[in-house]
Amino acid sequence: FPHADGPAEDQIRLLNILCGTIAASLHSLRIRAQQVNTLHALDRASQNVETINELAAQMLHIALEGWQAQAGGVFIFDETTQTWMCRARYGLGNSLTDPRFNFGLRLARQTLATHHPIILPDLDSAREHGLLGAAAIPLATEGVTFGAIFLGVKRRRAFTEKHTELLMTMAHQIALAIRHAQIYEQLGRM
């Protein structure tokens with residue numbers, strides 16, 4: 001700096017703006033890298049598991065870690081019996097009457113009905129289930145939606161509209177793996 005007293009005030013403001021921009025960019029890159037790692041981990045896991053429940057549990061675990069979520073579930077709708085099955089869950093309570101479980105199932109039903117993801121960045125009803133953000137993404141492959149993955153977090157804005165494409169990609173990978181496991185299971189029974 002030209003002066004022994006250090007940088008001028010306008011230079012300090014400029015440096016603060018620059019530091020803030022760099023910090024935000026690094027944070028964004030870290031989150032993006034973590035989410036890309038989640039997609040790669042989902043792909044690897046889908047190649048090594050035999051049963052649908054094991055696969056769903058592994059996929060859910062990877063998704064929870066990748067999004068730093070505290071609750072989640074993989075919900076599958078059985079067309080034949082017209083019932084929902086929770087193939088894997090975490091942080092949704094110990095009973096089917098738990099508010100978190102019911103919240104996750106309700107969002108799974110909504111996303112199956114609309115065939116679109118539901119992203120809730122700022123929940124007001126945290127007293128009911130303790131979650132401040134949530135997402136439910138349809139599990140669809142070959143034009144058929146057969147379930148949903150639910151993720152819930154205890155922080156606001158963890159899921160926003162800008163995450164939709166990445167969440168859909170994650171859900172599609174999970175859907176392909178589950179559909180493959182279902183077919184493999186049917187072949188085993190035959």
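Computed from the coordinates by the stated procedures, all read-outs in this text should not be read as laboratory data. Owing to the predicted nature of the structure, the values given are computational and were not obtained by experimental measurement. Backbone-built Cβ (ideal geometry, glycine too); neighbour counts: all protein chains shown.
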- Task: Taking 7 Å along the Cα-to-C-beta vector as the label spot, tell me the GLN186-GLN82 distance in nanometres, rounded to one decimal.
- Result: 2.1
- Item | Pairwise label distance in nanometres, LEU26 with THR164, each label 7 Å out on the Cα-Cβ vector | 3.3
- Evaluate the stretch 72-165: find the radius of gyration of its Cα atoms, find its Kirkwood radius, and give the ratio Rg to Rh. 0.96
